[in-house]
Each structure stands twice: as C-alpha cells, then as structure tokens.
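The values are calculated or read from the model by the stated rules, or taken from the named source; none is laboratory data. Because the structure is predicted, anything quoted here is derived from the model rather than measured. With ideal geometry, Cβ positions are generated from the backbone for all residues, glycine too; neighbour counts draw on all protein chains shown. Ligands, DNA and RNA are excluded from the accessible area calculation, which covers all protein heavy atoms including side chains. Shrake-Rupley method; radii C 1.70, N 1.55, O 1.52, S 1.80 Å.
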Amino acid sequence: MMNVDALSDHLSKYVVDILKKRGIERLYPPQEEAVRKGLFSNKNLVVAIPTASGKTLIAELAMIYEVIRGGKCLYTVPLRALAGEKFEEFSKWEEIGVKIGISTGDYESRDEWLGECDIVVTTSEKADSLLRNEASWLRNLSLLVVDEIHLIDSAKRGATLEVLIAKLKKLNPNLRIIALSATIPNADEIAEWLNAELIKSEWRPTPLYEYVFYPGRLLKFENGFLREVKAESSIERLIVRTLEEGGQVLVFESTRRNAESYAVKISGYTKEFVEDNSDVAEKVLEENEGEMSRKLSECVKLGSAFHHAGLLNSQRVAIEKAFREGRIKVLVATPTLAAGVNLPARRVILKSYRRYDSGAYAPIMVSEYKQMAGRAGRPGLDEYGEAIIVTKTRDEALKVAERYLAGEPEKVISKLGSETHLRFHTLSLISEGIASSFEDLLDFYSTTFFAYQNEFTLEWEIRRIVLQLEKWGMIVEYAPTSFGKLVSKLYIDPLSGFIFKEELSKFDELSDLAMLHLICRTPDMELLSIRKADGWIENELENLREELTYYPSIYSAEYDFFLREFKTALCLYDWINERDEDIICEKYGIAPGDLRRIVETAEWLMHSLRRIAEHLSHNLASKALKLEMRLKYGVKEELLDLVKLKNVGRKRARKLYNAGIRNLEDLIQNRKIAEKLIGSRIVEKILS
Ligand SMILES: Nc1ncnc2c1ncn2[C@@H]1O[C@H](COP(=O)(O)OP(=O)(O)OP(=O)(O)O)[C@@H](O)[C@H]1O
C-alpha cells in the first residue's frame with residue numbers, strides 16, 4: 001500500500017505530518033486507486049466502497065488539495081448529526097490554516113460569514129436553502145463533495161440532493177464533484193451521470209463475516225456454498241461471549257418499543273462488564289426526566305442503551321460518545337440509526353430484519369442490511385466484524401440467508417419525478433432566475449440523475465406544475481411574483497404557501513388553535529398518528545369545534561387525516577400553554593425527541609405563516625409572531641418578555657412571573673427575590 005510520504009508533492013509535508021499524527025502511514029487500496037485515477041487533478045470521482053474503508057479521507061485529501069490551490073469546498077451530508085461529526089473531523093486541518101465552517105441552522109439564514117471559509121460542511125437541504133437566499137459564496141465553489149450520494153434513492157431527501165448538484169454545476173460550470181457512496185450495484189450510473197472516474201471496491205480494513213442465526217446454529221456462505229455451524233442456544237449467550245472477549249454489540253430492532261425492552265433485558269447481562277456509568281446516566285436525565293429518559297438512564301447504569309428518533313439530541317450524543325468509549329457494551333437501535341452516525345461494533349445483530357413502514361411491517365431492503373452490517377468491526381480495534389441476522393427456524397434462516405447474505409443491494413433510483421418534489425424545486429428554479437422559460441426548465445431537469453435514468457422527459461408534469469404555480473399567484477410568465485419568491489425563500493412546499501394564503505384571504509380573525517391547526521394542514525408538518533388510546537380526541541373535538549375553521553364530516557375520506565392534524569394541533573396547543581413536557585409525551589404517546597422535532601417544525605411553519613401574513617399586510621401577522629415565539633419557548637403570551645432573556649426557559653419564567661417579576665426591569669428591581677427563585681448564578685448570567 002502506498003506510503004503517505006508520496007502525497008507530499010501534491011499536498012505538502014505539513015499535511016503528511018498531520019496524517020501521520022492520526023496514525024495514517026499507508027493509503028488503503030481504494031485510496032491508492034483514487035490517487036491513481038486523478039484524486040489530485042480536476043477529475044470528478046465517485047467512490048463506492050464499504051463503510052469505514054476510508055471514503056472520507058479521500059474527500060479530505062481532495063479538499064486540502066483544492067484549498068492549497070486557492071479553491072473553496074462544500075461538503076454536503078444528509079443529516080445534521082453527520083454534519084456535526086464531519087465538522088469535528090475536519091477541524092484538525094485548521095492547524096495548517098484551513099478555515100472550516102458549518103451551516104445547518106434554520107432554513108432562512110444567509111450565513112454570509114461562511115464566505116471566508118475554505119471548507120463548509122452542510123446538509124443538502126441547508127445548501128439548497130442558502131442558494132434560495134442568494135448566499136453569494138455558493139457561486140464560487142471549486143469542489144463539491146457529496147457524502148452518502150446513494151441517498152439520492154431516499155423518497156424524502158433524494159430529490160433535493162439531485163437538484164442541488166445540478167444547480168451548483170450550473171452556477172459553477174467548472175465545479176469539480178467527488179461523490180462518496182455505499183457499495184451500490186449502479187455506482188457506474190452515478191459515475192456516468194457525473195462524468196466521473198469510478199472507484200468501486202469491496203475492500204475493508206476489518207474483514208466482515210455475515211451469518212444468519214437460528215437457535216443452536218449459524219448459517220454462512222463460504223465460497224458460494226451455504227454452511228451451517230454449531231452456535232449458542234440463544235442470542236443473549238452469543239452477546240455475552242462477545243462481551244467476554246472485550247467486544248461490543250450493536251443490536252437493531254424493528255420498533256422503538258422493542259428496542260427499549262431489549263435494552264432493558266440485555267442490561268441484565270451487561271451489568272457484570274460495566275464500570276461506573278453514573279455520569280452518563282445523569283447526563284441523559286439533564287434535559288428531561290420523563291419515563292423514557294429514566295428507563296434509558298437505568299439501562300446506561302448497567303451498560304446497555306437504546307437509540308431511536310425519540311431521544312433528545314443531547315441524549316443521543318451522550319449515548320454515542322459512551323458507546324465509542326466502550327462504556328456502553330450493547331446499544332439497541334432502530335433502523336433509523338443505520339443511515340446516521342458511525343458507531344462500529346465487533347458484532348452487529350439484527351434481532352429483526354423487518355421495519356415498520358407507513359403502517360406495515362416489511363422486510364428491510366438489502367442495502368439497509370448492508371448499511372447496518374457494515375458497522376461490524378471497529379477499524380484498528382477488532383480483527384474482524386460479524387453481522388448476524390436472527391431468525392426462529394431453519395427454513396426462515398435459509399430464506400433470509402438467500403436474500404441478505406447472497407443478495408445484491410437494490411439499485412439507486414431517482415425519486416425526483418414526484419409532483420411534490422417537482423413543485424418544490426420548479427418554484428425555486430424560477431425564483432432563483434435559473435429558469436425563465438419552459439425550455440430552461442426542461443434543460444435544467446435534463447441534467448438531473450432522473451433524466452439520466454429515464455428516457456421520457458418530465459415535460460407533461462412540468463407544464464401542469466407551471467400552471468398550478470401561476471394559479472397560486474407564485475409566478476407570472478416564468479418570473480417569480482414577490483409572493484412566489486417569499487415562499488421559495490421560506491423553504492416550504494408551495495402548496496403550504498397556497499394553503500396559508502387561501503386561509504388568510506377567508507378569515508380576518510383565527511383562534512390560537514385554528515392557527516396551529518392551519519400549520520398542521522400543510523404537507524410540511526409531521527403529524528402524530530392516532531393510537532387505540534386516543535378515543536378522547538373526538539370528545540375534545542366536540543368541545544373545541546367552534547374554534548376551528550375547517551372540520552370535515554366524519555364520513556368523508558379525509559376525516560382520519562383530519563384527526564391526525566387535530567391531534568398534532570392539540571399537542572402544540574398544550575405545549576404553548578405550558579403543559580409539562582412529560583405529561584404531553586404521556587398524553588400523546590410520543591417521546592421527548594418527537595416533541596422537540598414537532599415543535600421545531602411548527603415554529604418554522606408559524607414563522608412562514610407570519611411572513612406570508614406580513615406580505616399580505618394581514619392583521620394576523622402580529623398574532624402569528626406571538627405564536628411563533630410561544631412555540632419556540634412553550635409559554636403563554638404573558639411570559640414572552642421573560643423568555644427572551646438568556647438562560648430563562650419556560651420553567652424559570654413561570655416562577656419569576658408568579659412572583660410578580662414580569663420583565664427585565666422587574667428582575668433588576670427585585671434581584672433578591674429572583675435570586676431566591678432561580679439562583680444568583682443564573683441571575684448573574686442574565687444580567688451580564
Ligand atoms: N489509510 C488509512 N490508514 C489508517 N487509518 C485510516 C486510513 N484511512 C482512514 N483511516 C481511519 O479509518 C477511519 C474510517 O475512515 P473514514 O471515515 O475515511 O472511512 P469512511 O469510509 O468515510 O467511514 P464512514 O463510511 O463511516 O464515514 C477513520 O478513523 C480514519 O481516520
């Protein structure tokens with residue numbers, strides 16, 4: 001393998017020294033192949049290699065190479081959590097004067113300061129939003145790195161990724177692109193679309209062995225033949241053996257409930273392997289002490305943990321860090337983790353190979369299995385990694401082995417052809433001046449991966465969408481109206497913008513609940529699902545019907561969907577009326593992380609509603625602004641002057657208010673009382 005000293009001609013001795021400090025003496029085979037295929041040139045590259053095989057380093061070397069030549073780089077990832085992780089990883093380059101920036105905040109900031117950075121890490125959505133808000137620095141990029149480009153296949157975020165690449169290529173004609181991908185069967189299609197050299201390999205620094213388990217046996221493929229070896233009688237015995245060997249285990253379960261209960265069960269086994277985790281156990285209770293958080297804390301004390309989208313960000317980070325440090329021995333996660341951050345373990349066990357998707361249990365895709373299995377084997381720590389799918393019988397094991405061990409991951413397919421995505425991106429293309437005619441739109445879409453993969457054009461769909469945007473008053477003759485430009489900048493679905501405008505044109509006044517319900521009626525809002533235990537909602541509906549402006553008949557097809565909208569609006573209503581977070585979670589059957597996510601989305605949509613009301617000079621703009629702030633802090637209107645103060649959240653504000661302290665002035669005049677209520681340190685911070 002090539003010695004990193006050979007890189008000094010392209011990168012300088014200082015860079016090589018930093019690599020060596022990181023323990024990187026020789027390039028991995030795929031990295032060497034990348035150098036040979038033009039890593040240090042202007043060539044585009046697609047790198048499709050397994051997890052932890054050195055993809056990121058290839059991108060880092062290319063970015064440093066560009067920066068040394070005075071270039072500017074954008075590194076895009078699919079998730080905010082990943083952006084934070086990569087930003088941390090790249091910050092070491094500041095040692096040689098490379099300026100690293102990160103931008104993943106709200107969807108409307110310009111972040112002009114990023115203009116001075118050499119490398120900016122962001123999510124594809126944020127980069128697209130920055131383009132919509134005319135962030136000028138995005139027009140002089142020399143290198144775009146697209147991490148996880150196989151997520152073009154994702155129904156939710158794939159289209160934005162594809163359109164972002166096409167936009168940046170249009171705005172920077174000489175833009176160099178390096179795409180990092182999991183091992184997918186049609187990486188060559190992506191390479192052709194991007195006019196790139198392809199580096200494709202199955203090489204891994206840590207060998208991966210894949211098995212299917214059924215009680216007492218393990219199945220595996222060896223030289224193309226299925227072999228069966230004796231095994232432990234239960235998965236728990238197998239897990240204990242791994243812990244006895246000093247390894248850790250990542251377990252995937254199909255639902256949150258299963259993940260939580262298995263983490264509790266396995267904590268009975270991990271406790272004998274764990275030292276003192278009390279600091280981590282306390283950390284996960286810092287922001288919330290509800291039922292889920294307490295259960296998580298108990299597990300952590302005994303060396304296990306669960307990980308799913310209901311965790312608070314701070315809890316997720318604490319768990320991941322403790323797992324990386326080897327203090328948590330078994331982490332039980334739901335498949336959402338697979339596409340997320342990098343948590344390798346010696347053994348990866350899929351207790352279930354099904355996932356709950358839009359109301360039904362379905363077997364996971366082979367590519368999802370490969371993502372999870374790829375986490376097995378910590379580079380430099382484990383000699384090998386083992387991925388094990390759990391089944392109950394030999395018959396089932398044979399079928400599962402056929403599908404997942406011998407199977408090919410699914411091809412990456414563009415999802416741009418859906419009306420929602422096309423509507424969303426067509427408005428932005430016209431708003432940003434990238435398209436000012438029908439031909440411009442067709443030309444632009446002809447440069448997407450969708451066009452590469454499909455003979456037929458989107459002509460008919462685009463005509464229909466243009467007519468719709470005209471009808472909604474967002475464009476005229478392929479130019480944006482001021483309303484259309486605003487909707488595009490707000491990064492909301494044009495249909496959401498239209499719903500807001502329609503409702504505001506019908507009503508002068510709306511109750512708080514009606515305004516919360518209005519944002520829940522948009523395609524941008526994540527809605528709560530209706531559980532068996534939610535019979536109470538229809539009673540609430542009877543009591544609150546007068547406050548609503550829209551209420552379908554119980555016989556109409558949309559009634560079930562309306563119930564979900566109404567349940568979500570009630571949840572937000574409780575939040576802004578200072579109901580305790582844990583009581584809200586209990587009442588609506590959600591976890592703290594879900595509440596935070598729904599509140600964050602609602603705040604963004606209320607902000608959008610407020611901006612549209614202002615644009616229409618509608619008197620509800622001021623009420624929308626108040627609701628936006630109440631959503632942000634979860635308080636009644638009377639506390640707004642207090643929560644604006646730093647270090648004053650909803651609980652402290654309520655304490656102060658109830659003692660007669662209504663704002664900063666009162667606080668200064670009643671400092672002693674305030675110190676008794678919230679502590680002198682906090683008062684000090686507020687007044688500093
Ligand atoms: N040539 C090398 N020699 C030694 N260590 C390396 C080498 N290349 C990368 N590494 C280390 O291996 C780990 C994984 O590398 P990297 O993050 O580049 O892989 P990856 O494929 O991007 O992983 P992921 O898919 O999880 O992002 C990192 O800690 C990195 O420092």
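Some points to look at:
- Filter result for the condition that a residue is assigned to a helix (DSSP H, G or I), in contact (Cβ under 8 Å) with a residue 24 or more places away in the chain and surrounded by fewer than 21 Cβ atoms within 10 Å (Cβ to Cβ), over Gly268, Gly326: Gly268
- Checked against (1) within 20 Å of the chain's Cα centre (by Cα); (2) surrounded by 16 or more Cβ atoms within 10 Å (Cβ to Cβ); (3) farther than 24 Å from His150 by Cβ, Leu79 passes all but a single condition, namely (3).
- Answer residue from the range 174-197, given it is open to solvent by 50 Å² or more (accessible area, probe 1.4 Å) and of a type in the set (S, T, N, Q) and is modelled with the highest pLDDT among those: Asn195
- Taking the conditions (1) surrounded by fewer than 17 Cβ atoms within 10 Å (Cβ to Cβ); (2) under 31 Å from the mean Cα position of the chain (by Cα) in turn, Pro215 satisfies each one other than (2).
- Selection of first residues in the range 376-397 that are under 7 Å from Tyr214 (Cα atoms) and in the same structural domain as Leu57 (by TED's automatic domain parsing) and of second residues that are away from the ligand (no atom under 16 Å from the Cβ) and assigned to a strand (DSSP E or B), restricted to Cβ pairs under 8 Å at least 6 apart or on distinct chains, gives an empty result.
- Within the range 100-140, being part of a loop (DSSP other than H, G, I, E, B) and modelled with pLDDT of 90 or more holds for Cys117, Asp118.
- Subset of the range 148-178 [in a helix (DSSP H, G or I) and within 16 Å of the ligand (Cβ to nearest atom)]: Ile149, His150, Leu151
- The one condition in (1) within 16 Å of the ligand (Cβ to nearest atom); (2) within 28 Å of Lys169 (Cα to Cα) that Glu94 fails to fulfil: (1)
So that you can scan it fast, the table gives a plain yes or no per residue for (1) in a loop (DSSP other than H, G, I, E, B); (2) open to solvent by 40 Å² or more (accessible area, probe 1.4 Å):
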| position | (1), (2) |
| --- | --- |
| Ile199 | no, no |
| Glu202 | yes, yes |
| Tyr211 | no, no |
| Phe221 | no, yes |
| Arg227 | no, yes |
| Glu236 | no, no |
| Ile239 | no, no |
| Leu243 | no, no |
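- Output for the range 47-72, where each listed residue is more than 6 Å from the ligand (Cβ to nearest atom) and under 17 Å from Asp147 (Cβ atoms): Val47, Ala48, Ile49, Pro50, Ile58, Ala59, Glu60, Leu61, Ala62, Met63, Ile64, Glu66
- Residues located in the range 253-281, provided they are under 26 Å from the mean Cα position of the chain (by Cα) and of a type in the set (D, E, K, R): Glu253, Arg256, Arg257, Glu260
- Tallying residues that are open to solvent by 90 Å² or more (accessible area, probe 1.4 Å), within 38 Å of the chain's Cα centre (by Cα) and without any contact (Cβ under 8 Å) to a residue 24 or more places away in the chain within the range 645-687 yields 4.
- Filtering the range 25-81 to residues that are in a helix (DSSP H, G or I) and acidic (Asp, Glu) leaves Glu32, Glu33, Glu60, Glu66.
- Scanning the range 22-41 for residues that are more than 11 Å from the ligand (Cβ to nearest atom) and among the polar types (S, T, N, Q) yields a single hit, Ser41.
- The requirement of being within 24 Å of Ser352 (Cα to Cα), assigned by TED's automatic domain parsing to the domain that holds Ala362, at pLDDT below 95 and part of a loop (DSSP other than H, G, I, E, B) is fulfilled nowhere in the range 272-294; no residue meets it.
- Scanning the range 362-383 for residues that are open to solvent by 50 Å² or more (accessible area, probe 1.4 Å) and more than 16 Å from the ligand (Cβ to nearest atom) yields Pro363, Met365.
- Where helices (runs of 4 or more DSSP H) sit wholly within the range 455-567, those with at least 1 residues that are more than 29 Å from Lys636 (Cα to Cα) occupy 459-471, 482-490, 494-506.
- Failed condition for Asn44, given (1) within 14 Å of Val98 (Cβ to Cβ); (2) within 28 Å of the chain's Cα centre (by Cα); (3) more than 10 Å from the ligand (Cβ to nearest atom): (1)
- Matching residues, the range 392-413, being assigned to a loop (DSSP other than H, G, I, E, B) and crowded, with 21+ Cβ neighbours inside 10 Å: Val412
- Leading residue by the ranking (surrounded by the fewest Cβ atoms within 10 Å (Cβ to Cβ)) among those in the range 475-531 that are without any contact (Cβ under 8 Å) to a residue 24 or more places away in the chain and in contact with a Ser or Thr (Cβ under 9 Å, 6 or more places away or on another chain): Glu477
- Cβ-Cβ distances below 6 Å connect the following pairs, each with a first residue in the range 290-306 that is closer than 16 Å to Val317 by Cβ, a second residue that is open to solvent by less than 10 Å² (accessible area, probe 1.4 Å) and polar (S, T, N, Q), and a separation of six or more residues or different chains: Val300/Asn277.
- First in the range 179-196 and more than 16 Å from the ligand (Cβ to nearest atom), second anywhere and open to solvent by less than 10 Å² (accessible area, probe 1.4 Å), Cβ under 6 Å, 6 or more apart: Asn186/Val412; Ile190/Val46; Ala191/Val46; Trp193/Phe449; Leu194/Ile177; Ala196/Leu45; Ala196/Val46
- Only a single criterion out of (1) surrounded by fewer than 21 Cβ atoms within 10 Å (Cβ to Cβ); (2) under 24 Å from Asn223 (Cβ atoms); (3) touching a helix residue (DSSP H, G or I) at 6+ places or on another chain (Cβ under 8 Å) is not satisfied by Ile389, namely (1).
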